[in-house]
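Before any comments, here is the structure.
Read-outs: derived from the displayed coordinates by stated rules, not from any lab. Predicted model only: the values in this text are computed from it and were never measured. Neighbour counts are summed over all protein chains in view; Cβ atoms, including those assigned to glycine, are modelled from backbone coordinates with ideal geometry.
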Amino acid sequence: MALLLVVLGLVGGTLYTLLRGQTDARVASEFARVADEFEVLATKGIDPATGGPFTDPEALLRVTLERTVLAPTEDVIGFVDGTASLEVAGAPLKARQDPQLVEVVGPLSVGASVVDGVVRTDQREYRYLVAPVRFDGSARSGALVVVADMDAERRLLNQMMQGYLWIALATLVASSVIVALWMRHLLRPIAELRDTAARISEEDLSERVVVRRGRRAGGPDDHRQPDAGPHRGRSPGPARPARRRRPRTAHPDHRRARPPRADGQRLTRRRARRPRHRPG
């Protein structure tokens with residue numbers, strides 16, 4: 001039982017570590033996809049207001065936020081000139097309302113390269129990605145900031161692991177009960193033999209060990225005798241009477257001695273004729 005618990009703990013810990021790594025990798029790949037789409041829209045997109053290429057960071061950020069589809073644990077903030085001025089309407093995660101997060105990513109929004117990282121605030125742990133943008137001929141700067149609530153991601157993972165642990169414990173208990181019952185049935189003859197041997201003494205030898213047979217081959221409570229012979233598996237027929245063997249004679253040929261015959265004489269066996277009955 002203890003060994004099974006140790007194995008269960010090792011398997012659960014390994015599985016949790018792998019799933020946590022997969023969660024971090026999934027969030028990172030999602031951030032990379034958003035950054036690539038933002039770059040494509042900034043270089044090749046069309047501004048709906050002017051019908052031409054984008055030239056203003058704020059217009060680009062507005063269009064991007066309108067087209068963004070968020071997960072329940074994600075949020076997107078638009079920074080213009082280092083200030084968090086845009087956000088997705090109806091986002092479940094209000095990252096813009098966390099001043100500690102804004103203080104960390106604000107200076108990165110005026111940089112020149114894409115930056116990602118992890119920050120812990122008083123509210124939660126965030127994973128963020130900052131994608132700055134600038135246009136030639138414009139003095140304004142902008143940045144798209146994508147954040148994810150890693151505490152919420154891990155809560156989902158913990159709920160899944162709790163379900164795994166309950167199922168594993170139920171399976172362990174059920175298998176332990178089945179094995180215990182099977183071992184008890186298997187070792188019952190040995191226990192009876194041990195108890196009987198303990199009751200036997202030099203003065204009292206009347207104890208006997210009860211021999212049990214299976215109801216079927218290898219099964220319990222079988223009182224049938226094994227069938228032998230070529231007719232195994234057939235229903236037994238009526239008992240045949242025992243044949244009485246004829247005693248052997250002292251003659252070595254074991255046959256009735258015949259009288260010698262003369263030369264040229266032929267012995268014939270006549271059959272007794274039955275009397276004929278005539279009608280009336």
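Along the stretch 25-39 the Karplus relation, 6.51 cos²θ - 1.76 cosθ + 1.60 evaluated at θ = phi - 60°, assigns HN-Hα couplings of 5, 5, 5, 5, 5, 5, 4, 5, 5, 5, 5, 5, 5, 5, 5 Hz to successive residues, with x for each Gly and Pro. The simple spin-label model puts a point 7 Å past each Cα toward its Cβ; for THR171 and SER85 those points are separated by 5.7 nm.
Distance between the modelled labels on ARG155 and LYS44, one decimal in nanometres: 4.0 nm (7 Å Cα→Cβ projection).
Under the simplified labelling scheme, the THR196-THR17 pair shows an inter-label distance of 5.5 nm, with each label point 7 Å from Cα along Cα→Cβ.
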